[in-house]
Amino acid sequence: MGALRLAATVCAALLAWSLPAGAEGIPEKYSPVVIRPAGEPGRSEFDLTAVAERAKRDNKRLYVYLGAKDCAYCRRYESFLDENSKELVPHFLEHNYIVVDLRSTLSVTQDKLLIRVGDSSRPYAEFQKAIGDVRARMLVYPMVWLLDGNLKPLMQMPAGTGTFQTVPEQLEILQLVE
């Protein structure tokens, strides 16, 4: 088992090395609202209050992306978004999305990753349950939620590796909620 873990670590390091330098998070071309965590060491709280209020007020949808800066699969997805921005950005705009980029790290466990909306701050799994997300409550990267202005899922989204690896898959996701 140790050899498999070492091989996975080496593969992740090679993938991270092969991606553009400084690439972290949703590319700027998508005009993401970047929310960095607040909280004590080892605990990350992301406050969605302002962006949720904006979405509700402006009748927008939220494309909330939870990525980890040390996650090779997140870098791969972000690189995909960057490479295909000419095709994808117009669809994010057309379908009225505010792109939200929550930036975490793999060292933050799901019980220490909290999502705040207003006066309520909930651990990751409780947040998923509160918004009606029926997926497994385990923290997986990357994670995407498509939400309306009331923070209700527009559809249940896949998570983790292999998510949205082609432009047609990404467009289908964005358009499915019509």
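The values are calculated or read from the model by the stated rules, or taken from the named source; none is laboratory data. Just so you know, these numbers come straight off a predicted model, no measurement behind them. Every residue, glycine as well, gets a Cβ built from its backbone with ideal geometry; the counts of neighbours run over all protein chains shown.
Of all residues in the stretch 67-79, those satisfying the criterion of being outside any strand (DSSP E or B) and not acidic (D, E) are K69, C71, A72, Y73, C74, R75, R76, Y77, S79.
Looking at I98, is it closer than 23 Å to D58 by Cβ and in contact (Cβ under 8 Å) with a residue 24 or more places away in the chain? Yes: the conditions hold for I98. Filtering the stretch 69-108 to residues that are surrounded by fewer than 18 Cβ atoms within 10 Å (Cβ to Cβ) and under 25 Å from E40 (Cα atoms) leaves K69, D70, T105, L106, S107. For L48, work out the one condition from (1) surrounded by fewer than 18 Cβ atoms within 10 Å (Cβ to Cβ); (2) under 18 Å from D119 (Cα atoms) it doesn't fulfil. Only one criterion in (1) surrounded by fewer than 18 Cβ atoms within 10 Å (Cβ to Cβ); (2) under 18 Å from D119 (Cα atoms) is unmet by L48, namely (1). Could you please give the count of residues in the stretch 45-57 that are over 20 Å from G25 (Cα atoms) and free of Cβ contacts under 8 Å to residues at least 24 places away in the same chain? Residues in the stretch 45-57 being over 20 Å from G25 (Cα atoms) and free of Cβ contacts under 8 Å to residues at least 24 places away in the same chain: 1 in total. Residue count for the stretch 152-178, restricted to those that are surrounded by 15 or more Cβ atoms within 10 Å (Cβ to Cβ), assigned to a loop (DSSP other than H, G, I, E, B) and at pLDDT 85 or above: 1. For the residues V64, V34, V51, the requirement of being among the β-branched types (V, I, T) and either touching a Gly at 6+ places or on another chain (Cβ under 8 Å) or in a loop (DSSP other than H, G, I, E, B) (or both) singles out V34.
Pairs linking a residue in the stretch 68-86 that is hydrophobic (A, V, I, L, M, F, W, C) to a residue that is assigned to a helix (DSSP H, G or I) and at pLDDT below 95, with Cβ atoms under 6 Å and 6 or more positions apart or on different chains, are A68/C74; A72/A12; A72/L15; A72/A16. Scanning the stretch 109-148 for residues that are acidic (D, E) and over 16 Å from the mean Cα position of the chain (by Cα), we see that the one that is surrounded by the fewest Cβ atoms within 10 Å (Cβ to Cβ) is D119.
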